[in-house]
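The next block holds one structure in the form of structure tokens; read it before the comments.
The values are calculated or read from the model by the stated rules, or taken from the named source; none is laboratory data. Small disclaimer: the values here were computed from a predicted structure and weren't measured. Cβ atoms come from the backbone with ideal geometry, glycine included; neighbour counts cover every protein chain shown.
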Amino acid sequence: MLDIGVSYDALVAVGSIMGSGGMIVMDDTSCMVNVARFFIEFCMTESCGKCIPCRAGTAQMHTLLTRICEGSGTMADLELLVELCATVKETSLCGLGQTAPNPVLSTLRYFKNEYIEHIVHKRCPAGVCNMAGAATAKDVPVEVLA
Amino acid sequence: MSENVGVKTLLINDQEVSARSGQTILEVARENDIYIPTLCHLDGLTDVGACRLCMVEIKGNNKLFAACVTSVFEGMEVSTDTERLRKHRRTILELLFAERNHVCSVCVSNGHCDLQAMAQEQGLTHARLPYRNPELTVDASHERFTVDHNRCILCTRCVRVCAEIEGAHVWDVMGRGINSIVITDLHEDWGKSSCTRCGKCVQVCPTGALFDKSKIGSDHPKYPDFLPYLNQMREAQ
């Protein structure tokens, strides 16, 4: 992953875009789910609201990512998130909505294990998310669920 | 029609159709009885391509195109009803249902609603997305009409009919993204606004967001068909 040339095509191939040429350096203390949520929050607040997929889609994606970051996310939420990514990307009117799901898609592509850790093991590998919502899930006795 | 009318031949769902140059895919499809679902489109108003339900596939391009704002070209091959499109349409409708408060059973437009009809037609039985249920206001300050923002899908038909047909431009959109709402004048009460009380916005509203106070329950059909006739009569003068 470190051996990527800084060109339009090379960056698009790994699910990124050149943008203004800026780069963010992260290490294992950055939670990739939280990073995805941060970028979706940006797109959600920047959305103009004209077309439905971008207006409502980014807001729903933000809700689902917040759930996962808080430890209350489920695998069904993750599936829904992936589906929303496709619709927002393919049906949005302008470039903002069409690229909004990219951070989610590329973090899912390269760091899916972090999403799984949050959802299944209620643990944030980077120690960023406080997983406050997970406590309630754990408190439910197994007998009741069975 | 202008002098340089060119005839274009294209395929829509493998059916050969001819069109005039400058026509949109949606216009040509409707002329040939090929159905494309729409919500923000209304005959007689300009198209804004906001609802994204009319997205179609064009052969040779991986992108999707909004049929209401895409012009035809010679040899174009359009598909309007693929599995990919159906899936996106259902997701878009799901996003709409979860965005505000669309409980059909207690809505004035129950049975006369474009959103409800579209959901039934596209086979949307339930929403998997969490309902957002934002707390939005209901403005009943107008002597004849009410606006319930909880039912609004921001199609902007009211904005367009007020600006383009009535020429008053009382309605507009305020805010951005998920916080957008339609407003009268500079967000004044509808009853205190410069509204001309023509009621066109109520007739074109696809949901129960704008409704007539004098009607009760769900006995509230709307008649947006007046628009093409009105335009025709105005042009004829």
Assess whether B:Asp81 counts as being surrounded by fewer than 18 Cβ atoms within 10 Å (Cβ to Cβ) and of a type outside the set (S, T, N, Q).
yes
Single match in B:Leu136, B:Leu154, B:Leu124 (criterion: buried (at least 20 other Cβ atoms within 10 Å of the Cβ), among the hydrophobic types (A, V, I, L, M, F, W, C) and touching a residue at least 24 places away in the same chain (Cβ under 8 Å))
B:Leu154
Qualifying positions in the stretch B:181-219 - within 21 Å of A:Lys50 (Cβ to Cβ), of a type in the set (A, V, I, L, M, F, W, C) and in a loop (DSSP other than H, G, I, E, B):
B:Leu186, B:Cys205, B:Ala209
Take the residues of the stretch A:73-85 that are farther than 17 Å from A:Ser106 by Cβ and aliphatic (A, V, I, L, M): which is nearest to the other protein chains (Cβ to nearest Cβ)?
A:Leu80
Give me the pairs: first residue in the stretch B:16-43 and crowded, with 18+ Cβ neighbours inside 10 Å and assigned to a loop (DSSP other than H, G, I, E, B), second residue modelled with pLDDT under 95 and not basic (Lys, Arg), beta-carbon distance under 8 Å, and six or more apart or on different chains, which are they?
B:Leu42/B:Pro224; B:Leu42/B:Leu227
Quick one: count up the residues across the stretch A:25-42 that are over 24 Å from A:Met75 (Cα atoms) and either surrounded by 10 or more Cβ atoms within 10 Å (Cβ to Cβ) or touching a Ser or Thr at 6+ places or on another chain (Cβ under 9 Å) (or both).
2
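Determine whether B:Thr91 is in contact with a Gly (Cβ under 9 Å, 6 or more places away or on another chain) and surrounded by 21 or more Cβ atoms within 10 Å (Cβ to Cβ).
Taking the combined requirement at face value, the residue satisfies it.
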B:Ile216: under 24 Å from B:Ser105 (Cβ atoms) and among the β-branched types (Val, Ile, Thr), yes or no?
yes
Are any of the residues in the stretch B:112-120 touching a helix residue (DSSP H, G or I) at 6+ places or on another chain (Cβ under 8 Å), touching a residue at least 40 places away in the same chain (Cβ under 8 Å) and assigned to a loop (DSSP other than H, G, I, E, B)?
yes
In the stretch B:85-97, what residues are at the interface with chain A (Cβ under 7 Å from one of its Cβ atoms) and in contact (Cβ under 8 Å) with a residue 24 or more places away in the chain?
B:His88, B:Ile92, B:Leu95, B:Leu96
Within the stretch B:170-188, track down each residue that is within 14 Å of chain A (Cβ to nearest Cβ) and more than 20 Å from B:Gly208 (Cβ to Cβ).
B:Asp172, B:Met174, B:Gly175, B:Arg176, B:Gly177, B:Ile178, B:Asn179
Within the stretch A:1-72, helices (runs of 4 or more DSSP H) holding 2 or more residues that are in contact (Cβ under 8 Å) with a residue 12 or more places away in the chain and either more than 14 Å from every other protein chain (Cβ to nearest Cβ) or on the phi < 0 side of the Ramachandran plot (or both):
A:32-46, A:52-70
Across the stretch B:168-180, what is the number of residues that are under 17 Å from the mean Cα position of the chain (by Cα) and in a loop (DSSP other than H, G, I, E, B)?
1
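Considering only the stretch B:55-111, how many residues are outside any loop (DSSP other than H, G, I, E, B) and either under 24 Å from A:Lys89 (Cα atoms) or modelled with pLDDT of 95 or more (or both)?
Adding up the residues that qualify gives 28.
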